[in-house]
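Derivation of every value follows stated rules applied to the coordinates shown; laboratory data play no part. Computed from a prediction, not measured in an experiment: that's the story for all the values here. Methodologically, a virtual Cβ is constructed for each residue, glycine included, from the backbone with ideal geometry; neighbour enumeration extends over all protein chains shown.
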Amino acid sequence: MSTIATTKSMQLLKFGRSSQGKLQLREAQIPQAGPDQIVIKIQASSLNPHDWKYYEALRRIYHLPAPLPALTLGHDLSGTVVSVGAKVKRFRVGDDVFAMSLKTGAFGQYLAVAAGQAAPKPRNLPHAEAASLPMAALTAWQALLLASLQDGERVLVLGGSGGVGSQAIQIAKAKGAHVAAVCSTSNVALVSSLGAEQAFDYKKIDVLESGQQFDVVLDTVGTLTPTSVKKILAPGGRFVSTVPNAAIILATLLSYIPGITLHATRTLIALPIGRHLEEIARLVEDGKVRPVIDREFPLEDIDSAIAYSKTGRTRGKIVLSIR
Ligand SMILES: NC(=O)c1ccc[n+]([C@@H]2O[C@H](COP(=O)([O-])OP(=O)(O)OC[C@H]3O[C@@H](n4cnc5c(N)ncnc54)[C@H](OP(=O)(O)O)[C@@H]3O)[C@@H](O)[C@H]2O)c1
């Protein structure tokens, strides 16, 4: 049962026709927990490229002359449970949790989230750092799971300095892999500090011409195709992309058909699985994975945060503090 009355809350970020598709702080009701949900008082969120890509797509729709509801964006959050649904056994009021919510709404003060999408916050992290993890770390975790990464294999992470890549390097390392990363000159030191044993500076060398081969290639940038990646995939190698284009999606579908012999191409769609977040939290508490935070913006300054993310130069994550 919900223990919190429905009241008004400031600081919810919404947009709608009345604001002509712009982001603004508006009042909203504090949600109530459904039977399988927890309501979280959010202390921090983080921005993912998905948030502004989705926002831009929606803006086109929100300019149409149709009555559309205001919407709060955002998936990543860290905060404190204030209300627990009747069927929820894993959490209690007062627990500190972090989550990737399947539904948007994390750019605000309160959100009702399915309990299965949350996990206890790593004990050694403040909310701002924990909030940087969910979507990026889940993407990295699930991509390496999809690739069936084995102890001792060689992994190449394209985009090693980004939100997903910085987590993928550390998680692959924690799983016993030998990790190489592709990044620019200014980020060689960062990827090395995260555990990459080799860094390919894309400003100086094309990894496709390196003559090296990898068991798993994870592309978080979108520069590889199922054809081009063959040059650097070892026999039995797997290619996973978080930025699928039509060729990658087609190759993914074809590689599941029995009798068709392609190297394994996989398209990753990150899922909000709390049990995976628990595994990630364990790695964080064991000191094997750490958040990488580039900048922190107050939620009120979301436009600046989005503009920065759109430059494509983010090192790690952009955190949004919520008061
Ligand atoms: N499918 C899914 O479920 C899913 C989930 C999460 C993310 N994604 C997608 O995955 C992509 C990565 O997400 P993200 O959060 O990691 O993005 P991000 O943090 O914005 O990535 C920025 C990083 O990419 C690096 N970069 C840019 N061009 C590069 C290149 N040619 N080679 C190597 N590194 C390069 C940049 O480093 P430099 O400044 O040094 O170039 C920067 O550090 C996005 O397109 C996102 O939408 C998909």
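Where is the GNM fluctuation largest for the chain (alpha-carbon springs, 10 angstrom cutoff): VAL243, VAL284, VAL97?
VAL243
How big is the dipole moment of segment 136-267 about its Cα centre under a simple scheme where the beta carbon of each Lys and Arg is +1, that of each Asp and Glu is -1, and everything else is neutral? Debye, nearest 20, please.
Working: 9 positive and 8 negative charges, 22 e Å.
Computed about the Cα centre, the dipole is about 100 debye.
Sorting check: for 159-169, 223-233, 136-146, 248-258, which peptide has the highest mean count of neighbouring beta carbons within 10 Å, and how do the rest follow?
Peptide ranking by packing, descending: 159-169, 136-146, 223-233, 248-258.
Based on the mean of other Cβ atoms within 10 Å per residue, sort peptides 43-51, 23-31 so the most packed one is first.
With the highest mean Cβ count within 10 Å placed first, the list reads 43-51, 23-31.
So who's got an amide H within less than 5 Å of the one on VAL182, skipping anything under 5 residues away but keeping other chains? H placed 1.01 Å off N, in plane.
Here VAL157, LEU158, GLY159, GLY160, PHE200 satisfy the definition.
When the helix-only estimate is applied to the chain (DSSP H runs of n ≥ 4, each -39,500 (n - 2.57), divided by the residue count), what is the mean residue ellipticity at 222 nm, nearest 500 deg cm²/dmol?
It comes out at -7500 deg cm²/dmol, rounded to the nearest 500.
Along each principal axis of its Cα atoms, how long is segment 132-249 end to end? Whole angstroms, biggest number first, please.
Result, largest extent first: 32, 30, 28 Å.
How large is Rg/Rh for segment 184-293, to two decimals, with Cα atoms and a Kirkwood Rh?
1.01
Which of ARG313, ARG266, ARG238 moves the most in a Gaussian network model of the chain with Cα springs under 10 Å?
ARG313
Treating cross-link reach as a plain straight distance, find the aspartates and glutamates whose alpha-carbon is under 20 Å from the alpha-carbon of LYS175, omitting any fewer than eight places away in the same chain.
ASP151, GLU153, GLU197, ASP215, ASP219, GLU278, GLU279, GLU285, ASP286
How much length is gained on full extension from GLU300 to ALA86, taking 0.36 nm per residue of separation minus their Cα-Cα distance?
Extending this stretch completely gives an extra 73.6 nm.
At 1.002 mPa s and 20 °C, plugging the Kirkwood radius over alpha-carbon pairs of the chain into Stokes-Einstein gives what diffusion coefficient in µm²/s?
In µm²/s, the coefficient is 105.
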